[in-house]
1. Within segment 437-457, is there a residue that is polar (S, T, N, Q), crowded, with 21+ Cβ neighbours inside 10 Å and not in a loop (DSSP other than H, G, I, E, B)?
2. Here is a check on your reading of the model: is Arg45 of a type in the set (Lys, Arg), farther than 22 Å from His257 by Cβ and surrounded by 14 or more Cβ atoms within 10 Å (Cβ to Cβ)?
3. May I ask you to verify whether Glu271 is at pLDDT 95 or above, among the charged types (D, E, K, R), out of contact with any Asp or Glu (no Cβ under 8 Å at 6 or more places or on another chain) and within 26 Å of Phe18 (Cβ to Cβ)?
4. Hey, Lys62 hits all of (1) surrounded by fewer than 14 Cβ atoms within 10 Å (Cβ to Cβ); (2) modelled with pLDDT of 95 or more; (3) under 18 Å from the mean Cα position of the chain (by Cα) but one; which does it fall short on?
5. Tell me, which residue of segment 280-302 that is part of a helix (DSSP H, G or I), touching a residue at least 24 places away in the same chain (Cβ under 8 Å) and of a type outside the set (D, E, K, R) is surrounded by the fewest Cβ atoms within 10 Å (Cβ to Cβ)?
6. Sort out which residues of segment 303-324 are in a strand (DSSP E or B) and within 24 Å of the chain's Cα centre (by Cα), and write them in order of number.
7. So Gly245 fits all but one of (1) under 19 Å from Ala104 (Cβ atoms); (2) in contact (Cβ under 8 Å) with a residue 40 or more places away in the chain; (3) not polar (S, T, N, Q); what number is the exception?
8. Given (1) hydrophobic (A, V, I, L, M, F, W, C); (2) free of Cβ contacts under 8 Å to residues at least 40 places away in the same chain; (3) buried (at least 17 other Cβ atoms within 10 Å of the Cβ), identify the lone condition not met by Ile218.
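The values are calculated or read from the model by the stated rules, or taken from the named source; none is laboratory data. What you see is a predicted model; the values in this text were computed from it and never measured. Ideal geometry is used to build each Cβ from the backbone, glycine not excepted, and the neighbour counts take in all protein chains shown.
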Amino acid sequence: MFETRAVRPYYTAAHIGFFAKTFFDFAGFEYKNVIYLVSPDMSNRAYFDVEEMNQAGEYFRKVWEDPERIKSLLTDVRKTLFTEAKEMEEWAWKQVWKEKETLALLVDVQTLFNQMLKTLARMFISNPQHVKSLEEKITTLLDKYQEKDKLLRASTYWPEDLPWAQEEKEIEEAYKRWSILSVDAQNILLQKFVTQYGWFNEIEGEKPFDADHYREKILSFVKEGVKTPDIPVPPEILNLGRLIGELGCLRFWTRYHFMHLRYHLKKILEELVFRSKQPDLEFATVEEMIAFFSGQKIDMEEIRRRKSGYVSILNNRWAVLLTGEEADKYKKLVAEDFSAVSTFKGSVANKGKVIGRVRVVSFVTSDYNEQVSAFQKGEILVTGMTRPQIVHLCAKAAAIVTDEGGITSHAAVVARELNVPAVIGTQIATKILQTGDLVEVDAEKGVVTILKRAEEK
């Protein structure tokens, strides 16, 4: 079965490739030393050079001090998302890939790949190292005030709808009508949700959200509302908070659109792999796929080796995939041991303090769908990063803990909106915690403490 996980080369090549020329053309900064490691179990992690991250932070500190530069960048992001990507997605939904000639599919796959690359670059301006100066500045300003947490939430609120808003409105309407609908009418409505929105889970999982998923959402619906404190915000904080809020909102939309494009890209590649009668082409890059159908020779043995894990690096502004001894050299550079760790820190995205059981949700494991469906209200959501398709889990969670993230991250935006305690940017949460662990999440201090391991009686 063709999978659509972030570990497949067609995606990792784009994910690491945009750090170089594509990001430079957009934002003016270029990364050269990123390592993307895909393990034998198909889990993955990106590693950045610390010095290069510091250089990026300093570069963007100057960017955020220039109003005209900010305006130019945000205008570019909005055009890329709400015009270019949206138009391509609308076009893609009208295509029947199985009915198109192979040559046409190859053109389409390159077009979608290029747009996904461009869209990814737009999301990256709000990566944690790029907005660190904004986070430091607003923290310093807030320190003068007693109700700093309320001021942060009020100032960073951005009134624009987030990607799941329309679905939530329709869920609410279904909830209001549910008890008066016949069973047949209920089933028709559920199928409408599956058709219109279910595909989003197929980006990371292997199947769309089904009727049972939407039945549960309707029956358990609780109107969350935007919990924005009604408090006057000093102008200096408000102006900075609005920028942070807009960046956070656009980050959500950027992720939505590049994942939307990735869904269609996956569908074309799935059809091309089927036509090739070479299942291992699932682990080919887009360039290798095009070369194969153009009659050029490609290294199928190297492609097969990627099924056991691989490393992706940047070389001359392009992604290079390595296996075997070449990959091992990079794996040794980033080897880590966390066996003795019982307490770790991150950044506070939204304050609070809770004790609860961990539920790890990983987007790259084979049991991703099972992890999502098993999540119980009141558990601690632990994940690499939150993504739009698991926002419904954030609403159930007693707290959120992530490996990645900064003040504009998805987790931070959702935590503030839902008022859920959150510790983000820990770097190591998913490496240390296991489902069932009992932990204390102290989102007052940004500390997570393991109280009892899942296997302990």
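1. No, every residue in segment 437-457 fails to be polar (S, T, N, Q), crowded, with 21+ Cβ neighbours inside 10 Å and not in a loop (DSSP other than H, G, I, E, B).
2. In short, yes.
3. Here the answer is yes, as Glu271 does meet what is asked.
4. For Lys62, the exception is condition (3).
5. Applying the filter and picking the extreme gives Phe293.
6. Tyr310, Val311, Ser312, Ile313, Leu314, Trp318, Ala319, Val320, Leu321
7. In the conditions (1) under 19 Å from Ala104 (Cβ atoms); (2) in contact (Cβ under 8 Å) with a residue 40 or more places away in the chain; (3) not polar (S, T, N, Q), Gly245 misses (1) alone.
8. (2)
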